[in-house]
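Step one of this worksheet: look at the structure below.
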Amino acid sequence: MPPTAMLTAKPVTPVTPVTPITPITPIPPTAPTTPQTATAAADALPAPSAGVLPRPWAVGLASTALVWPALAGLRWGPQRPVSGLWFWLLRKPGFQPPNAVIPLAWTLIDTALAVGAYRLLRRPASAPRNQALGWWALNVGLIGGWSGVFFGRRNLQASTALAAAMVGSGVAYVASARKADGPAAAAGVPFIAWVAFATVLTAALWRRNR
């Protein structure tokens with residue numbers, strides 16, 4: 001080879017060694033899904049708590065503690081001319097609260113009962129919870145019924161007996177709710193205190209106006 005060819009010859013590029021290919025691990029076959037395996041998978045999922053009412057339904061039912069007494073008050077309350085005049089003419093005891101205090105107290109009590117019912121309705125079903133809801137429904141019904149007996153029929157004796165009955169049903173509600181939800185039970189305590197006072201007050205009105 002001429003000397004000039006040796007000087008101009010290109011260097012030989014070294015060959016890069018080929019990386020060996022990693023063999024692919026075969027995927028094991030998946031067992032076919034059968035009704036038995038599907039049922040077992042479904043059973044493994046956490047089931048929703050039985051008896052827990054959805055939030056909108058719980059709000060709607062609990063709000064009856066406010067709606068029904070309000071409707072009963074509109075139907076039989078002292079704002080009606082005949083009922084208002086009758087109540088104004090009654091001989092009242094010295095511990096009769098001011099007229100503005102009574103509707104405010106009932107609004108707070110009804111609101112507490114609604115909160116207690118909502119908490120119970122959002123709890124899983126149980127015997128104490130269901131019993132408490134039954135007593136709660138009875139109490140709400142009696143609140144409106146008392147307005148009908150006191151202002152509608154203007155029967156002081158029956159109103160006194162009905163107020164005393166609400167003391168008993170209120171205690172039963174708190175006793176049952178306490179086993180299911182403590183705050184729900186506490187929400188019923190103002191109701192018991194108020195209807196106990198109402199029993200004494202209505203009995204005094206009955207004695208003074210016989």
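The values are calculated or read from the model by the stated rules, or taken from the named source; none is laboratory data. Computed from a predicted structure; not experimentally measured. Counting neighbours? That spans all protein chains shown, and the Cβs are built from the backbone with ideal geometry, glycine included. Side chains are part of the model used for accessible areas, which takes the heavy atoms of the whole protein and leaves out ligands, DNA and RNA. Shrake-Rupley method; radii C 1.70, N 1.55, O 1.52, S 1.80 Å.
Scanning segment 150-180 for residues that are within 20 Å of the chain's Cα centre (by Cα), in contact (Cβ under 8 Å) with a residue 60 or more places away in the chain and either surrounded by fewer than 19 Cβ atoms within 10 Å (Cβ to Cβ) or in a helix (DSSP H, G or I) (or both) gives a single hit, 177. Inclusion of residue 123 among residues that are touching an Asp or Glu at 6+ places or on another chain (Cβ under 8 Å), outside any helix (DSSP H, G or I) and either at pLDDT 95 or above or open to solvent by 40 Å² or more (accessible area, probe 1.4 Å) (or both) is warranted. Counting only residues that are crowded, with 19+ Cβ neighbours inside 10 Å and within 10 Å of the chain's Cα centre (by Cα), segment 87-120 holds 7 of them.
Restricting the first member to segment 185-199 and to residues that are free of Cβ contacts under 8 Å to residues at least 12 places away in the same chain and closer than 16 Å to residue 117 by Cβ, and the second to residues that are among the small types (Gly, Ala, Ser) and open to solvent by 20 Å² or more (accessible area, probe 1.4 Å), no beta-carbon pair is closer than 8 Å while six or more apart or on different chains.
Any chance you could count how many residues in segment 134-149 are within 20 Å of residue 66 (Cβ to Cβ) and either touching a Phe, Trp or Tyr at 6+ places or on another chain (Cβ under 9 Å) or open to solvent by less than 20 Å² (accessible area, probe 1.4 Å) (or both)? Lay out the reasoning, then the answer.
Keep residues of segment 134-149 that are within 20 Å of residue 66 (Cβ to Cβ), which gives 134-148.
Filter once more, so that each one left must be either touching a Phe, Trp or Tyr at 6+ places or on another chain (Cβ under 9 Å) or open to solvent by less than 20 Å² (accessible area, probe 1.4 Å) (or both): 134-136, 138-141, 143-144, 147-148.
Adding up the residues that qualify gives 11.
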